[in-house]
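Have a look at the structure below before the remarks.
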Amino acid sequence: MGQNISHVRQSAAGDAQAAVESVRELLALFRAEVDSNESTLHHVGALRDMTNTVESSLAAPVAQVGALRGVALALPSLVAGTAVQQGGEALAHAIGGMLG
């Protein structure tokens, strides 16, 4: 008759935490790429601002969904054709996946 579905919530919470950790890892890698390629990037200030926005949004008690969604949407166009394109797109994709 009844089902024990407690594992569903735990799995979803685990998946959400894994998604956040994945975003944090990609964020660290992307920051390192931005630092390494700083002299060739036209929008380095904007890229750093976006990384700071992601970091503070993830650290907030309730993730700032609007800010994260804005970064996920804007980042691919800012990194297009640059040395940090792959890392930026991976970060944007991970943020989008985390937000669902």
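With respect to being surrounded by 17 or more Cβ atoms within 10 Å (Cβ to Cβ) and either touching a strand residue (DSSP E or B) at 6+ places or on another chain (Cβ under 8 Å) or in a helix (DSSP H, G or I) (or both), residue 87 fits the description.
So residue 13 fits all but one of (1) within 13 Å of the chain's Cα centre (by Cα); (2) loosely packed, with under 15 Cβ neighbours inside 10 Å; (3) modelled with pLDDT under 95; what number is the exception? That leaves (1) as the condition not met.
For the stretch 39-72, a residue qualifies if it is touching a residue at least 12 places away in the same chain (Cβ under 8 Å), in a helix (DSSP H, G or I) and open to solvent by 60 Å² or more (accessible area, probe 1.4 Å), and the qualifying residues are 40, 48, 55, 65, 69. Within the set 34, 23, the sole residue that is part of a helix (DSSP H, G or I), modelled with pLDDT of 95 or more, more than 12 Å from the chain's Cα centre (by Cα) and surrounded by 19 or more Cβ atoms within 10 Å (Cβ to Cβ) turns out to be 34.
The values are calculated or read from the model by the stated rules, or taken from the named source; none is laboratory data. As the structure is a prediction and not an experimental result, all values here were calculated from the model. When we count neighbours, we look across all protein chains shown, and the Cβ atoms used for this are built from the backbone with ideal geometry, even at glycine. Areas reflect the complete protein model, heavy atoms only, side chains present, ligands, DNA and RNA absent. Shrake-Rupley method; radii C 1.70, N 1.55, O 1.52, S 1.80 Å.
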